[in-house]
Amino acid sequence: MSLYKYKALNAERQLVAGLVEADDENSAADVLREKGLSLVALKQKSAIDWNNLSFGGVRAKEIVVFSRQFSVLVSANVALVHALKLLVSQVKNPKFKQIISEIASDVDGGSRLSDAFSKYPKIFSSFYVNVIKSGETSGKLDEVLNYLADELEKDFDMNSKIKGALIYPAVVVSGLVIVGGVMMAFVVPQLTEVIVSSGGELPLPTKILVAVSGFMQSYWWLMILGFLGTAFGLGAFIAKPTGKMMFDAFKLKLPIFGYLFKLIYVVRFTRSMNTLIVGGVSISRALEITSDVVSNEVFKALIVQTKQQVEDGNSISSVFNDSPHIPMMVPQMMTIGEKTGKLDQILSKITDFYTREINNIIANLMTLMEPIVIIIIGVGVGTMVAAIILPMYQMADSF
C-alpha cells in the first residue's frame with residue numbers, strides 16, 4: 001500500500017486536497033470516486049517530502065495546547081474539519097502545521113479522525129489515538145477530547161516540575177566542571193610554576209593538583225575522546241533491549257531518585273489507564289497501550305504480565321501484589337475498584353494521591369539542592385585554594 005496526494009472537487013464544487021492509501025493510482029482514483037470526489041490531480045507521496053521537510057520536532061507543549069484548543073472547538077459544536085483548519089492558522093511550528101493540515105484533508109476526504117491521527121505515530125501516540133477512537137465509537141468525542149486534554153496538561157505539568165528540579169543542579173555542576181577544567185588547564189599551571197621551581201617539598205594536595213593539571217594540559221584531547229566514547233557507548237548499550245532493561249532497573253535502585261522514578265511510573269500507568277477506561281477502552285487493550293506509555297522496561301514487563309493474567313481471568317492486581325517496585329496501596333485499591341466496579345474512580349484517586357507525593361518530593365529536593373550544591377562548590381574551591389596557598393605559606397616561613 002502507498003500514499004497518494006490528491007486534489008479533487010467535492011459535491012459543492014470546492015477544491016479539496018489530502019492523502020489516500022491504495023495499492024496503485026487506479027485504486028486510489030476509485031477510492032476517491034466512491035467518496036464522491038472528482039479527481040483533479042493525483043501523485044504518489046515520496047518517502048521524503050522535500051517541499052515540507054522540517055528538521056524540527058513537535059514539542060510536548062505544542063501537542064498539549066493543540067489538544068486543549070481542539071477539544072474546546074469540538075465542544076462548541078464546530079465541525080471537525082473546520083476546527084482543524086482553524087487550528088492550522090494558530091500553530092507556529094511549520095512541521096506541526098503541515099501535519100494538522102494533512103489530518104484536516106484526510107478527515108475532509110472521509111477518513112475517521114482516529115485513522116488520520118494514527119498516520120503520525122511519532123507525534124500522536126497509540127494512547128492518544130485510541131482515546132480518540134473510543135470517543136468516536138461511543139459518540140462522546142467532545143467529552144473524551146476534553147478529558148484527554150485535561151490529562152495531557154496534568155502529565156505535562158508533572159514532567160515540567162521534574163525537569164525543573166533536575167535542571168538547576170545539572171546546570172550548576174556542569175558549570176563547575178567546565179570552570180574547574182579551564183582553571184586546571186590554563187590558570188593553575190601558571191600559579192604552581194613558581195611553587196614547583198622553588199624546589200621545596202610540596203604538600204600532598206599540591207602534588208595532586210600539579211599532576212592533574214599537567215595531565216589535563218597534555219592529554220585534554222584524550223579526555224574529550226574518552227567522554228564522547230563513553231557517551232556513545234552508553235547510548236548504544238541502552239538502545240539494545242537488554243541494556244534498556246538494565247538501565248531502567250538501575251534508575252529504580254537509585255537513592256532518593258529511585259523512589260521518585262517509581263512514583264512517576266505509577267502515576268503514568270494509573271492516569272493512562274483511567275483515561276482509556278473512561279473513554280470506553282477494554283481493560284486488556286488499555287493495559288497493552290499503557291505498557292508503552294510508562295517508558296520504563298521494568299514497569300512495561302509488569303504491565304504485560306498483568307495483561308496476560310487479565311486475559312486468563314485473574315485480577316488486574318495479581319502481578320502488582322508481588323512486585324517490589326509497586327507501592328502496596330496500588331494493588332490493594334485496584335482490587336477494591338474491581339470488586340466495586342469503580343476501577344476508573346480508584347485509578348483517579350491513586351493518581352491524585354501520588355501526584356501530590358511527587359510534588360512534595362520535588363519541593364523538598366529543590367530545597368535540599370541549594371545547600372548541597374553550595375557545599376560541593378565550597379569543597380572544590382577550598383581544596384584548590386588550599387593546594388596553592390599552603391606551599392606559599394611554607395615558602396614564606398622558610399625565609
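How would S114, S284 line up from fewest to most surrounding beta-carbon atoms within 10 angstrom?
Ranked by crowding around the Cβ, least crowded first: S284, S114.
Taking the 0 to 90 degree range and rounding to the nearest ten, how far is the long axis of helix 94-108 tilted relative to the main principal axis of the chain, both from C-alpha atoms?
Helix 94-108 and the main axis of the chain meet at about 20 degrees.
Looking at the chain as a GNM with Cα springs under 10 Å, which of G229, G243, G279 has the largest mean-square fluctuation?
Greatest mean-square fluctuation among the candidates belongs to G229.
Which ³J(HN,Hα) values, rounded to whole Hz and listed in residue order, are derived for segment 232-247 from phi using the Karplus coefficients 6.51, -1.76 and 1.60 in 6.51 cos²θ - 1.76 cosθ + 1.60 with θ = phi - 60°, glycine and proline given as x?
Result, ordered by residue: 5, x, 5, x, 5, 5, 5, 5, 7, x, 5, x, 4, 5, 5, 5 Hz.
I need the phi-derived Karplus couplings for segment 205-215: 6.51 cos²θ - 1.76 cosθ + 1.60, θ = phi - 60°, integer Hz, Gly and Pro marked x.
3J(HN,Hα) across segment 205-215, in whole Hz: x, 5, 4, 5, 4, 5, 5, 5, 5, x, 5.
Can you work out the base-10 log of I(q)/I(0) for segment 158-399 at q = 0.09, 0.14, 0.17 1/Å, using the Debye formula on its C-alpha atoms alone?
Values, matching the q order: -0.60, -0.98, -1.23.
Name the most mobile residue of P169, P327, P203, meaning the one with the largest mean-square fluctuation, in a Gaussian network model of the chain with Cα contacts below 10 Å.
Residue with maximal mean-square fluctuation among P169, P327, P203: P203.
Amide H of K342: which non-local residues (sequence gap of 5 or more, or other chain) have their own amide H closer than 5 Å, using H built in the peptide plane?
Long-range HN contacts for K342: none found.
If each DSSP helix of 4+ residues adds -39,500 (n - 2.57) and the sum is divided by the residues in the chain, what number results at 222 nm, nearest 500 deg cm²/dmol?
Working: 15 runs with 286 residues, N = 399.
Value at 222 nm, helices only: -24500 deg cm²/dmol.
Taking amide H atoms as placed 1.01 Å from N in the peptide plane, list the residues 5 or more away in sequence, or in a different chain, whose amide H sits under 5 Å from that of G18.
Y6
Rounding to the nearest 20 debye, state how big the charge dipole of the chain is about its Cα centre with +1 on each Lys and Arg Cβ and -1 on each Asp and Glu Cβ.
My answer is approximately 320 debye.
Show me, for segment 141-152, the HN-Hα J-couplings you get by feeding each phi into the Karplus relation (A = 6.51, B = -1.76, C = 1.60, θ = phi - 60°), rounded to Hz, glycine and proline as x.
Going residue by residue, I get 4, 5, 5, 5, 5, 5, 5, 4, 4, 4, 5, 5 Hz, with x marking Gly and Pro.
So what's the angle, to the nearest 10 degrees on a 0 to 90 scale, between helix 126-138 and the longest Cα principal axis of the chain?
Once rounded, one gets 30 degrees.
Would you pull out the residues with amide H under 5 Å of V40's amide H, same chain only if 5 or more places away, H placed 1.01 Å from N?
K7, A8, L9
In degrees, nearest 10, range 0 to 90: what is the angle between the Cα axis of helix 188-197 and the longest Cα principal axis of the chain?
Value to nearest ten degrees: 20.
The numbers here are math on the coordinates, done by the rules we state, and not lab data. Because the structure is predicted, anything quoted here is derived from the model rather than measured. For neighbour counting, all protein chains shown are included, and Cβ atoms are generated from backbone atoms with ideal geometry for every residue, glycine included.
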